[in-house]
Amino acid sequence: MGQAFRFDPVDLPPEAAGLRADVRAFLREQLGEYPAGRRAHSWSGFSPEFSQAMGRRGWIAMIWPKRYGGHERSALERYVMLEEMLAAGAPVGAHWVADRQSGPLLLRFGTEEQKAFFLPKIAAGDCYFCIGMSEPDSGSDLAAARTRAVRVEGGWRVNGTKIWTSNAHHAHYMILLARTGEAGDDRHGGLSQFIVDLKTPGLQIRPILDLAGEHHFNEVVFEDVFVPETRLVGTEGGGWQQVTSELAFERSGPERILSAFAVLVELVRAAGPAPDQRVAVALGRLTAHIATLRRMSLSVAGMLQAGILPDKEAAVVKDLGTLFEQEVPEIARSLIACEPELGSDEAFVAALSRTMLYAPSFSIRGGTREILRGIIARGLGLR
Amino acid sequence: MSEMSENHDLLRHSLDRLFTQQVNRPVLEAAEAGTFPTALWSALEEAGLTLPMVPAEQGGAGGTAFDALAIVRAAGSHAAPVPLPETMLAGWLLWACGLKIPAGPLSIAPVRPEENLTLSANAGGGFRLDGRVTRIPWGRDARALAVLATAPDGLKVVLVEPGGFALTPARNLAGEPRDTLTFTGLAVKPGQVAPAPAGVDGAALHLRGAVMRSAQMAGALERSLDFTVRYAGERSQFGRPIGRFQAVQQQLAIFAGQTAAAGRAVDAAFEALAAGGDIAFVGAIAKARVGEAAGQGAAIAHQVHGAMGFTREHALHYGTRRLWSWRDEFGAESYWQEALGRRIAAAGAEAFWPLLTGTAD
């Protein structure tokens, strides 16, 4: 049973090398000398212009069918494109959720009308989504969601509050998880997903500033918000299954190992060409970790492409990946003396400071460390 | 790919059966007390598992690096007290330079990068071998040693047979022989010497030793995780199996993560061996990463086993004492981390990502 977790070897497709070179050339042209403090924003960097430029290159919706504006490339090609973007700290945040989660959700469960309407806009880099899952009393325990959608003439009326909604203030739509019926014995029943236009009357978006004083999160309050019948996603009451299948894709991508990459690059720069032994050992250790994590993450991508759903393996990658991401700033500061300051002129200090203030979120967003380890333990047969 | 993995499933299955039959407590205890497990070794030789990568014409199995990985990993998993990786490495050295590969368990020297043997011309014809090497695995049991020695005209591979040198016995924490061999003018016939081929030197041998130990550790981690998960399901305290407690589950999840990372790092190293990739980079990553996983995994295995696992009677220690030994052999984590770090630093910040993705110029 020692190999209860399966990490198949994976070979990148032959097209990957050319794609990688194209992405690097694009990044040089788009970003130029992109400051380390900006790179450290990783996938929370928000730029509609950049998203539209990516859309024009065919790097959003890469693996979707062409009839919905996609490009029918492989999941591994998408992986290569994505890891190049993240390693460069490119501002991919605007279309991020739509490309990674909302679009794939609609592809799997959406109606033909929904797919035809939303997917081409997402693919063009013009249409952004946010996710309305967490609530003030429903964080890790999604089944505790209380926001309620009640049937009315022609659709649904929604009341409740969603929280930690990244980019709700920039996005056009939200994928809302709401209660439409009783939870049942397993607590997983009675949840449904909807596409909500964020300009609908009765919907209020309030900023929640994060540790860095930045505005990414929001509280979204629904007061008698009308959602048309045609905006239910999938089946009424099938929300739990739809959401959990979505999470497996969210947990193992390159974004779970590269959030602190800007710090790592600046650490290598600050260490210089001939560091002392202590610095060399630490750099080597971090290298061994990130290289191995990348192979694990790629392996999960390969299995997803092969139609295997490696949810336990995805949990392993996210647990180890976020541990690593959080270690990077701690180790960096132990090697290179500095007093952290946001917006510093020094690249190392700027990247370190931004990442330090963002690091606590790494092991909370997308499933807390404790939840993930519970999933791993279940994979071991312990629960 | 699927045909290959099917063959490997078959190989893994037969390896598991062979080691389960041949490696048990009496064999392990006898090996630690100084009795070489000849029945186990014969079974391995008969099954053609000792020289997987040597062509059939030279007495090998004509297989791939992946066969070697499966064999060494299974040997590590079962704590097989035999020099399997060492025999594979000796076979590789001897085959690469065209020397004959003797039957039986083999070993290699030197195994530490700072040690060196010298070969010089003997007055009466032939050569003489001089020098002292330490920590030689199964030095006392090896039917022959494949030795790297420096001669005035370059590096040589020397086939050394037992006798004629002084041996001081020593052991690692798992009781595996790690002997000191002293050569004082040992007479070597010309037929036992060949120039080391290009790419075969002390560093290459040391690196391959590190990769082999990593594979053994990956196997030992997998098995120790199995033991520990099973024990957590069987041992009850406070009216329920300890594996039901979240505190224990979280520890086992960490153990599983470390084991998975170790397995992936080792796979990558053997992929590089098979495909002729950047083995210096990927091999160093494997030993550094697996060594770290070994320490964490062994600690959690013992914590979950409680006092039971601390006894000599419980089988857990056959794996954990090996993990604690193997992580320091052929270079500890810090050795390979430093090598990696120096390479990264010398290449510079802009070359870091290309190095990681194997797309450096």
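The values are calculated or read from the model by the stated rules, or taken from the named source; none is laboratory data. Being a predicted model, the structure only gives us computed values, none of them experimental. Virtual Cβ from ideal backbone geometry, glycine too; neighbours counted across all protein chains shown. Heads up: the accessible areas ignore ligands, DNA and RNA and are worked out on the full protein's heavy atoms, side chains in. Shrake-Rupley method; radii C 1.70, N 1.55, O 1.52, S 1.80 Å.
Among the criteria (1) out of contact with any helix residue (DSSP H, G or I) (no Cβ under 7 Å at 6 or more places or on another chain); (2) basic (K, R); (3) within 8 Å of chain A (Cβ to nearest Cβ), the one B:R240 does not fulfil is (3).
Does A:V158 satisfy being among the aliphatic types (A, V, I, L, M) and either open to solvent by less than 10 Å² (accessible area, probe 1.4 Å) or not in a strand (DSSP E or B) (or both)? For A:V158, the condition - among the aliphatic types (A, V, I, L, M) and either open to solvent by less than 10 Å² (accessible area, probe 1.4 Å) or not in a strand (DSSP E or B) (or both) - is met. Residues in the range A:267-294 that are under 13 Å from A:A351 (Cβ atoms) and within 7 Å of another protein chain (Cβ to nearest Cβ): A:V268, A:R269.
Please tell me if B:L173 is in a loop (DSSP other than H, G, I, E, B) and out of contact with any strand residue (DSSP E or B) (no Cβ under 9 Å at 6 or more places or on another chain). It is true that B:L173 is in a loop (DSSP other than H, G, I, E, B) and out of contact with any strand residue (DSSP E or B) (no Cβ under 9 Å at 6 or more places or on another chain). For the range B:223-237, a residue qualifies if it is assigned to a helix (DSSP H, G or I) and more than 9 Å from chain A (Cβ to nearest Cβ), and the qualifying residues are B:F227, B:T228, B:Y231, B:E234.
Considering (1) under 21 Å from the mean Cα position of the chain (by Cα); (2) open to solvent by 10 Å² or more (accessible area, probe 1.4 Å), the lone condition that A:A25 does not fulfil carries the number (1).
Here A:R38 clears all of (1) open to solvent by 40 Å² or more (accessible area, probe 1.4 Å); (2) within 14 Å of another protein chain (Cβ to nearest Cβ) except the condition numbered (2). Candidates B:F255, B:F245, B:F238, B:F270: the one that is over 16 Å from the mean Cα position of the chain (by Cα), crowded, with 21+ Cβ neighbours inside 10 Å and aromatic (F, W, Y) is B:F255. Just a yes or no: is a residue in the range A:357-364 in contact with a helix residue (DSSP H, G or I) (Cβ under 6 Å, 6 or more places away or on another chain) and within 14 Å of chain B (Cβ to nearest Cβ)? Within the range A:357-364, one or more residues are in contact with a helix residue (DSSP H, G or I) (Cβ under 6 Å, 6 or more places away or on another chain) and within 14 Å of chain B (Cβ to nearest Cβ). B:A109: modelled with pLDDT of 95 or more, buried (at least 24 other Cβ atoms within 10 Å of the Cβ), hydrophobic (A, V, I, L, M, F, W, C) and farther than 25 Å from B:D16 by Cα, yes or no? Judged against the criteria, B:A109 is a match.
Taken together, the residues in the range A:136-155 that are touching a Lys or Arg at 6+ places or on another chain (Cβ under 6 Å) and open to solvent by 30 Å² or more (accessible area, probe 1.4 Å) amount to 2.
Residue pairs whose Cβ atoms lie under 6 Å apart, sitting 6 or more positions apart in sequence or on different chains, and linking a residue in the range B:87-112 that is touching a residue at least 40 places away in the same chain (Cβ under 8 Å) and over 21 Å from B:T134 (Cα atoms) to a partner that is open to solvent by 20 Å² or more (accessible area, probe 1.4 Å) and basic (K, R), are B:P102/B:R143; B:G104/B:R143.
Only residues that are open to solvent by less than 10 Å² (accessible area, probe 1.4 Å) and either among the basic types (K, R) or outside any helix (DSSP H, G or I) (or both) were counted in the range B:73-94, giving 5.
Can you pull out the residues in the range B:245-285 that are at the interface with another protein chain (Cβ under 8 Å from one of its Cβ atoms) and of a type in the set (G, A, S)? Within the range B:245-285, B:A253, B:A256, B:G257, B:A260, B:A261, B:G263, B:A265, B:A268, B:A284 qualify.
Which residue is nearest to B:T259 (Cα to Cα), if the candidates are limited to the range A:6-22 and must be part of a loop (DSSP other than H, G, I, E, B) and open to solvent by 70 Å² or more (accessible area, probe 1.4 Å)? Here the answer is A:R6.
In the set B:T118, B:T182, B:T134, B:T150, only one residue is touching a Ser or Thr at 6+ places or on another chain (Cβ under 6 Å) and closer than 28 Å to B:A33 by Cα; that residue is B:T134. The single condition among (1) closer than 21 Å to B:A218 by Cβ; (2) assigned to a helix (DSSP H, G or I) that B:P52 does not meet is (2).
Scanning the range A:54-80 for residues being within 11 Å of A:A16 (Cα to Cα) and in a loop (DSSP other than H, G, I, E, B) gives a total of 2. Restricting the search to helices (runs of 4 or more DSSP H) fully inside the range A:240-344 and requiring at least 3 residues that are surrounded by fewer than 24 Cβ atoms within 10 Å (Cβ to Cβ) and at pLDDT below 95 gives A:277-305. State whether the residues of the range A:359-381 include one that is open to solvent by less than 20 Å² (accessible area, probe 1.4 Å) and of a type in the set (D, E, K, R). No, the conditions are met nowhere in the range A:359-381. Scanning the range A:337-383 for residues that are over 21 Å from the mean Cα position of the chain (by Cα) and more than 27 Å from A:H41 (Cβ to Cβ) returns A:A377, A:R378, A:G379, A:L380, A:G381, A:L382, A:R383.
Within the option set B:A194, B:A210, B:A215, being within 19 Å of B:G154 (Cα to Cα) and either modelled with pLDDT of 95 or more or not in a helix (DSSP H, G or I) (or both) holds for one residue only, B:A194. Remark: B:A146 matches the filter, which requires a residue to be surrounded by 20 or more Cβ atoms within 10 Å (Cβ to Cβ) and part of a strand (DSSP E or B).
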